[in-house]
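For reference, the structure discussed in these notes is given below.
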Amino acid sequence: MAKRRFDLKALPGFTTIAVICFVALYLPIIILVAYAFNAATSTSEWGGFSLKWFASAWNNDQVIDATIRSFQIAVLAATFATIAATMAALATTRTKAYRGLTFKYAFINQPLMVPEIVTAVALLIFFSRIKVWTGYAGLGYLIGAHTAFCIPFAYLPIRARLESMDLTLERAAADLYATPFKAFRRVTLPLLWPGILAGFMLAFVISLDDVVITNFVKLGGQDTLPTYMLGQIRRGITPEINAISTAFLLLSILIVTLFFFASRKRD
Amino acid sequence: MPDKNAIEVRDVSKLFGTGDAQFAALDNVSVSIRENEFFTLLGPSGCGKTTLLRLIAGFDYPTDGQILLYGQDIAPLPPFKRPVNTVFQSYALFPHMTVGQNIAFGLEMLGKPKAEIEARVAEMLKLVRMEALKDRKTSQISGGQQQRVALARALAPQPKVLLLDEPLSALDYKLRKEMQIELKRLQHETGITFIFVTHDQEEALTMSDRIAVMSAGKILQVGSPWDIYDRPAVRFVADFIGETNFLHADVVSANDGRATVRLSSGKEIPATFPSGSSPQGKVTLVVRPEHARVAAPNGTSAHVGHIENVVYLGTDTHFHVRLDDGTPFIVRQQNSRNGHNGFAKAERVGIEFGQDVAQILKD
């Protein structure tokens with residue numbers, strides 16, 4: 001291999017800065033995970049190895065309840081967001097360039113730039129009005145809110161995939177007598193699938209993780225796992241929070257890994 | 001038997017852009033392509049040849065004009081309603097399907113019964129000699145094999161016309177030569193009308209029954225490879241196809257397709273001219289380098305000059321001659337085994353023309 005003219009690794013301090021970054025990123029998480037196995041009631045003094053906090057979390061109905069709710073919301077919101085994002089991506093890449101297309105890109109991605117707290121307050125006011133009018137008090141508000149802020153996250157990988165796809169393939173399908181619908185189902189969709197999976201995965205993780213908007217929009221008894229944990233921390237931390245965090249972390253890693261391999265296989 | 005037209009392009013224009021940026025990719029083009037013909041659209045990139053192919057395929061719609069397929073205007077139809085298939089420059093094989101599935105795609109879309117599809121796929125695989133690779137993914141086969149699959153896929157639904165968009169440009173020289181012969185064979189065996197787009201003049205001459213030379217959105221000349229090469233109508237065609245010498249001359253007389261012209265040396269020679277033109281006054285003549293010889297200057301020389309350069313090419317030698325009136329002239333002479341043809345740089349030579357070698361250009 002030809003020697004590269006410019007090697008980032010040769011810069012002075014590269015290794016040091018890299019190590020500092022990794023330590024800053026992962027050391028707190030490692031400590032958090034370690035103390036999940038603490039036998040003592042403290043999150044700073046080691047009292048021997050134990051799994052009792054995992055057991056305590058497992059037997060805590062509120063934790064289980066919040067976890068199930070988190071997943072319900074994430075699955076539904078990510079699904080809706082992915083469908084909407086796929087349609088938006090098709091509409092912005094598979095039509096002839098027209099005036100206002102760039103504006104449309106910005107419009108779709110705007111939720112990424114609006115401060116979350118602003119969206120949260122806006123949704124709170126909007127949904128409370130709807131609640132007064134309709135009397136509806138279900139999970140719909142949370143699912144709707146999550147869907148909304150998940151769309152740009154699902155949109156980005158799907159659009160990237162569509163843009164990198166060879167348009168001639170769709171043209172070839174049309175040339176071989178495929179109607180637009182059949183061309184989409186037989187050629188575009190199968191090739192787009194990895195992008196859709198990636199978009200869904202991102203949306204899912206973003207939804208699972210959300211605190212700010214959820215905290216504003218949720219009604220009484222609609223805690224998700226993150227808002228439940230936030231509530232617990234206000235009352236003083238026990239290693240149970242560490243155990244929940246650890247389980248949450250493992251679950252996230254597991255899901256992301258599964259999606260990663262699923263999308264790789266389709267590629 | 002009168003030739004039936006498979007495709008008739010009538011007064012087709014295609015404009016791109018708007019306002020000042022608007023330009024005509026096709027400028028009022030008309031051409032007829034006969035049934036069972038190997039027809040080539042030849043021209044440099046940007047001449048409109050691919051645009052014309054895309055209009056016939058239905059990937060784009062003409063701004064003006066008609067495209068008739070066996071008498072029916074197909075210009076407004078979407079591509080999936082036209083009995084015309086395309087072999088793409090990039091092949092555009094579906095990467096998520098096997099070779100067999102790719103070939104079956106068009107037939108499936110047409111709703112053919114399963115048994116018929118299977119038989120047809122097998123037949124196509126045999127036609128392009130790819131039987132063994134039916135279940136391979138298209139990413140697992142070579143460029144030449146992908147080319148064959150692309151051909152088989154486009155031929156499987158038995159289109160009325162097959163469109164080929166520079167399909168050989170991605171192949172290396174040897175494979176390209178093989179595929180040229182293969183394409184000719186396929187056209188002969190299937191009896192399907194081929195419309196082939198290329199910028200490679202050699203490819204066009206080898207394969208085509210007829211060639212349309214295009215430039216700047218217009219068709220300049222349509223004819224057999226011999227017509228195009230030996231009887232170019234305009235300067236662009238003469239220049240684009242093969243090496244050419246241009247000479248100034250004055251018309252002495254012209255009638256019945258035969259003319260006599262006087263060269264700047266004072267010598268008078270016979271010349272042909274494109275039908276429909278009536279040459280007079282000062283004209284430009286075309287003489288191919290292989291239709292002239294260098295010899296010692298004498299009374300029969302059409303021109304006299306001196307040799308500026310001698311290029312030995314194995315099979316033949318190129319003599320770059322500067323004529324006495326200042327015009328450059330190249331002579332290509334076949335080599336015999338005992339060395340080159342005996343003329344050296346700076347030597348004075350006469351240019352001898354064979355019978356009937358000069359063509360008068362329209363412009």
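The values are calculated or read from the model by the stated rules, or taken from the named source; none is laboratory data. Predicted model only: the values in this text are computed from it and were never measured. Positions of Cβ are generated from backbone atoms using ideal geometry, with glycine treated the same way; all protein chains shown enter the neighbour counts. We work out accessible area using only protein heavy atoms, side chains counted, and drop any ligands, DNA or RNA first. Shrake-Rupley method; radii C 1.70, N 1.55, O 1.52, S 1.80 Å.
Measure nothing fancy, just the Cα-based angle from helix A:189-209's long axis to the longest principal axis of chain A, in degrees from 0 to 90, nearest 10.
Taking Cα atoms only, the helix is inclined about 30 degrees.
Please compute the contact order of chain B in relative form: average sequence separation of alpha-carbon pairs under 8 Å and at least six residues apart, divided by the residue count, as a percent.
15
Find the relative contact order for chain A and round it to a whole percent, using C-alpha pairs within less than 8 Å whose residues are 6+ positions apart.
Taking the mean separation of contacting Cα pairs over the length of chain A, I get 30 percent.
State, as an integer percentage, the relative contact order of the range A:1-160 based on alpha-carbon contacts under 8 Å between residues 6 or more apart.
RCO, the range A:1-160: 25 percent.
With a Cα-only, solvent-free Debye model of the range B:157-219, what are the log10 I(q)/I(0) values at q = 0.20, 0.23, 0.24 Å⁻¹?
Reported log10 I(q)/I(0), two decimals: -0.84, -1.07, -1.14.
With each label point set 7 Å from Cα along the Cα-Cβ vector, what nm distance links A:GLN72 and A:ARG94?
With each label point 7 Å from Cα toward Cβ, the separation is 3.4 nm.
Give me the angle, in degrees from 0 to 90, between the Cα long axis of helix B:143-155 and the longest principal axis of the Cα atoms of chain B, rounded to the nearest 10.
The two axes meet at around 70 degrees.
Using the basic label-point model (7 angstrom from Cα toward the beta carbon), what is the A:LEU167 to B:SER142 distance in nanometres?
3.3
Along the charge dipole of the range A:61-266, Cβ charges K/R +1 and D/E -1, which of A:LEU225, A:ILE151, A:ILE237 sits furthest on the positive end?
A:ILE151
Among residues other than A:VAL212 whose Cβ falls under 12 Å from its Cβ, what is the net charge (Lys/Arg +1, Asp/Glu -1)?
Taking every Cβ under 12 Å from that of A:VAL212, the sum is -2.
So how much accessible area does A:LYS9 have, in Å² to the nearest 10, using a 1.4 Å probe?
Per-residue accessible area (A:LYS9): approximately 150 Å².
What is the mean number of Cβ atoms from other protein chains located within 10 Å of the Cβ atom of each residue in peptide B:144-156, rounded to a whole number?
The shielding value for this peptide is 1.
The range A:203-239 to the range B:344-363: how many Å between their Cα centroids?
Each part's Cα centre sits 91 Å from the other's.
Using Cα atoms only, what is the angle between the long axis of helix A:116-134 and the major principal axis of chain A, expressed in degrees (0 to 90) to the nearest 10?
Computed tilt is about 90 degrees.
Please work out the Cα convex hull volume for the range B:1-112 and give it in Å³ per residue.
For the range B:1-112, the hull spanned by Cα atoms encloses 154 Å³ per residue.
Sorting A:SER50, B:SER265 by accessible area (1.4 Å probe), largest first, what list results?
B:SER265, A:SER50
If packing is taken as the mean number of other Cβ atoms within 10 Å per residue, what is the order of B:345-351, B:166-172, highest first?
Final packing ranking: B:166-172, B:345-351.
Using bins 5 angstrom wide from zero, how does P(r) for the range B:243-360 break down, in % of all Cα pairs?
Cα pair-distance distribution for the range B:243-360, in percent: 2, 12, 22, 23, 17, 11, 7, 4, 1, 0.
Find which of B:GLY276, B:THR244, B:GLY350 sits farthest along the positive direction of the dipole of the range B:243-360, computed with +1 on the beta-carbon of Lys and Arg, -1 on that of Asp and Glu, about the Cα centre.
Working it through, the farthest residue towards the positive pole turns out to be B:GLY350.
Would you please name the trypsin sites (Lys or Arg not before Pro) within the range B:1-51 that are DSSP coil residues with at most 16 other C-beta atoms within 10 Å of their C-beta?
Sparse-neighbourhood loop trypsin sites (Lys or Arg not before Pro): B:LYS4.
Any idea what Rg and Dmax come out to for the range A:85-183 if you just take the C-alpha atoms, in Å?
18.3, 55
Under 30 Å between alpha carbons, and skipping anything fewer than 8 positions from B:LYS282 in its own chain: which lysines qualify?
B:LYS218, B:LYS267, B:LYS362
How large is the translational diffusion coefficient of the range A:61-266 in µm² per second when you combine the Kirkwood radius over alpha carbon pairs with Stokes-Einstein at 37 °C and 0.692 mPa s?
175
Determine, for each peptide in B:76-86, B:108-118, B:177-187, the mean count of other beta carbons within 10 angstrom over its residues, then list the peptides with the highest first.
In descending order of packing, they fall as B:76-86, B:177-187, B:108-118.
Using the beta-carbon distance between A:ASN215 and A:TRP133 and R0 = 22 Å, what value does 1/(1 + (r/R0)^6) give for FRET efficiency, to the nearest 0.05?
For R0 = 22 Å, the calculated efficiency reads 0.45.
Which value, in debye to the nearest 20, describes the size of the charge dipole of chain A about its Cα centre when Lys and Arg Cβ atoms bear +1, Asp and Glu Cβ atoms bear -1, and nothing else is charged?
Dipole about the Cα centre, nearest 20: 1000 debye.
Nothing charged except the Cβ atoms of Lys and Arg (+1) and of Asp and Glu (-1): what's the magnitude of the dipole of chain B about its Cα centre? Round to the nearest 20 debye.
So the magnitude is around 700 debye.
So what J values fall out for the range B:16-26 if you push phi through Karplus, 6.51 cos²θ - 1.76 cosθ + 1.60 with θ = phi - 60°, rounded to Hz, Gly and Pro as x?
Going residue by residue, I get 10, x, 9, x, 5, 7, 6, 9, 9, 6, 10 Hz, with x marking Gly and Pro.
Have a look at A:LEU189, A:LEU208, A:LEU197 and tell me which one the Gaussian network model of chain A (Cα, springs below 10 Å) gives the largest fluctuation.
Between A:LEU189, A:LEU208, A:LEU197, it is A:LEU189 that shows the largest mean-square fluctuation.
Just to confirm my numbers, what's the Cα centroid distance between the range B:11-45 and the range B:56-78 in Å?
Their Cα centres are 12 Å away from one another.
So for the protein assembly as shown, taking the charge dipole from beta-carbon charges (+1 Lys/Arg, -1 Asp/Glu), which of B:GLN146, B:THR86, B:GLY299 sits furthest toward the positive end?
Of the listed residues, the answer is B:GLN146.
Report, in debye and to the nearest 20, how large the dipole of the range B:243-360 comes out about its Cα centre when Lys and Arg carry +1 and Asp and Glu carry -1 on their Cβ.
Here the range B:243-360 has a charge dipole of around 120 debye.
Going through the range A:136-165, which chymotrypsin sites (Phe, Trp or Tyr not before Pro) have at most 14 other Cβ atoms within 10 Å and a DSSP loop state?
Filter output for the range A:136-165: A:TYR136.
What is the spin-label model distance, in nm, from A:VAL118 to B:SER169 if the labels are put 7 Å beyond Cα along the C-beta direction?
Modelled inter-label distance: 4.8 nm.
Return the Rg/Rh value of the protein assembly as shown, two decimal places, where both radii are evaluated on C-alpha atoms and Rh is the Kirkwood radius.
Taking Rg over the Kirkwood Rh, I get 1.17.
Only loop residues by DSSP count here, and only those with at most 16 other Cβ atoms within 10 Å; note down the GluC sites (Glu not before Pro) in the range B:183-243 that meet that.
Passing both the DSSP loop test and the Cβ count: B:GLU243.
For the range B:5-230, what does the convex hull of the Cα positions come to per residue, in cubic angstrom?
127
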